[in-house]
Amino acid sequence: MEYLPSLQQEFDELKPSLFELLAEQQLSDLLPPSIRYILAVATHRHPRYLLRILNSYDEVYALLSLVVERYYLRNFGGSFTENFYSLKRERVLLTKNGEIPRAQLGAPGPVRDSLKLRSADVWKNLVIMVGIPYLKRKLDEGYDIHAAPQASLIMSGGPRYNPSDDLPPNPTIRQRLMHAYKWFLRNVYPSVNAAYYFSILAFNLAYLFDNTKYSSPFLWLIGTRIRRLSSADHHAIAKILAGKPQNPRGARSRPGSGLLGLLSPQNLYPQLLTSLRYFLPASIFALKFLEWWHASDFSRQLARKATDTLDIPAPITKGMISPSERKKKKKPSTKEDTPSTSSELTSKASSPRKRIQPPISASSYLPIFTVSLPPADSDAASSCPVCLNQLANPTACQTGYVYCYVCIFHWLNGEHQRQLDFMNGDGAGAAWEDDQGDEDAEGETPRPGKSRQGKWESGKGRCPVTGRKVLGGTEGLRRVLI
């Protein structure tokens, strides 16, 4: 397939095949999620320093990508991943077909200098390589948060109207912009996203059959195409990697031109960015090696052979009691052990029972109304924890617990009858007091029928069992197929 264009016209050895471009694009698309995963794993060990970076990962990655891609475009003529595949970007001349084959054969150096990206071309390419992917990731993330849950609920027969999407009576500018942003994601962005992928597909097919020089519509807009590195490009890159001589013959070495000169910001910046050319293939090799190590049985056999020669000492049993001595210490209950007087019975009956402490809100510092799970060994183990009935249309919360769809929908909106009864001090709230503590912030136990407003949180927007906040509210719920 690489030589397919040669069947229609003269073969161009500097024109890369479509499959090279797709391989380069796939590698470029895999870098952001891979780095995000590594950063997420490192954040578990050092959350104090890396949590803010992980929360603003898209912005941090776009900034670092802007610095790296600008350096590679100015020095090597292509992006970081394009340089890995020996590709470059060059301007398209305003000549017939944009080709000068005789000049490329006779004077490759001057042709390379004339087709080299200028400063304005570098910034145009940075907009395509950094700006558009960043905008695409943010729009996809916003669609998954604001539009996808509602679309899935509508397709599954859920409510088609959500009152939280309406504007308040006197909306602010921020609320108006957020409402317009959600409307764009739900009504316009799916069509824009489809047009984006269809245009790329059309240009790829046209490039495959040599009907265009551009493999992407964005490259066509800025007048830039992707080519293979020529001999003149390899010589120029070799001179850049070699660098200028630090100490020519007959010249004295300036102070700081040794090891300290290499660590100076002027030399450290290009050396650090250039070393990424060797880090990428090394990381790919390390990844493939780890995949083979975990997939093969070699690591298990090696670990088994290593442990065969170890003499494991006998366990230390100091302080442990043998089962026979434990039985001797246990005495059967006798009449002397049972309370004989009425005072002893009264004291045991009046002893306070251990109550389960409710979770406390981190913002209002008030206890949160929660429900307890049914016992695992009872018949109600598969029932809804809120209504204690058989699950109807089971729906999973983000915490992993499953409820009836009607129960969890009304609970997150703060409209469930059990919440209303508890906050009013009657109904299900009184039954809940028997199992869990019911004291307000002042340590007083409210009387039945007394309102708990301002002393308790009803659990609105929270998981009924754990009391944790549910991101996205009712839009973050997922149906469970049984």
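Observations, loosely collected:
- Counting charges near Phe76 (Lys, Arg +1; Asp, Glu -1) among other residues having Cβ under 15 Å from its Cβ returns a value of +3.
- Multiplying the residue separation of Ser364 and Arg91 by 0.36 nm and subtracting their alpha-carbon distance yields 92.2 nm.
- Base-10 log of normalised Debye intensity for the range 160-224 (one unit scatterer per alpha-carbon) at q = 0.13, 0.16 Å⁻¹: -0.57, -0.66
- Restraint check, Lys116/Lys239; Lys88/Lys138; Lys124/Lys182; Lys182/Lys469; Lys15/Lys136, Cα-Cα greater than 19 Å: Lys88/Lys138; Lys124/Lys182; Lys182/Lys469; Lys15/Lys136
- Modelled spin labels at Glu59 and Tyr197, positioned 7 Å past Cα toward Cβ, are 3.0 nm from each other.
- Trp411, Trp123, Trp293, reordered so the largest accessible area comes first (probe 1.4 Å): Trp123, Trp293, Trp411
- Simple spin-label estimate for Leu27 and Gln357 in nanometres, 7 Å along Cα-Cβ: 5.6 nm
- The range 170-237 - percent of accessible surface contributed by carbon and sulfur, probe 1.4 Å: 66 percent
- The simple Förster model, with R0 at 60 Å and r as the Cβ-Cβ distance, assigns Arg74 and Glu415 a FRET efficiency of 0.50.
- Counting Lys and Arg as +1 and Asp and Glu as -1 over every other residue whose Cβ lies under 15 Å from the Cβ of Gly461, the net charge comes to +1.
The values are calculated or read from the model by the stated rules, or taken from the named source; none is laboratory data. Because the structure is a prediction, the values reported are computed rather than measured. Don't worry about glycine lacking a Cβ; one is built from the backbone with ideal geometry, like all the others, and counts go over all protein chains shown. Ligands, DNA and RNA are excluded from the accessible area calculation, which covers all protein heavy atoms including side chains. Shrake-Rupley method; radii C 1.70, N 1.55, O 1.52, S 1.80 Å.
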